[in-house]
Amino acid sequence: MNLSFTHTKERKETTMTVIVTNKNTMDVAQYTGVSNIAFNSGTGVYTITYGSSQTKTFSAAEWLIAVLFL
């Protein structure tokens, strides 16, 4: 099953920021201007889309995903 969340103007939020934290090393990264977060339950991988159609993937086994609405 694939799940995704798309940030739209109808939701009233103006920006979405995603914070990812590695469960083992506690490394942290922040992504601003995120327009989509997809999760593939078959592979256990999150894919975020940010900026001008840039994407980044994270394994759910290794990373925690936090979404901030500002």
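What follows draws every value from the coordinates through simple rules; no lab data is involved. Since this is a predicted model, take the numbers as computed values, not measurements. A quick note on method: Cβ atoms are made from the backbone with ideal geometry, for glycine too, and the neighbour counts reach across all protein chains shown.
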* Of the listed peptides 59-65, 22-28, what is their order by residue-averaged count of other C-beta atoms within 10 Å, with the highest listed first? -> 59-65, 22-28
* Computed lengthening from Ile19 to Ser41, 0.36 nm per intervening residue step minus Cα-Cα distance -> 5.9 nm
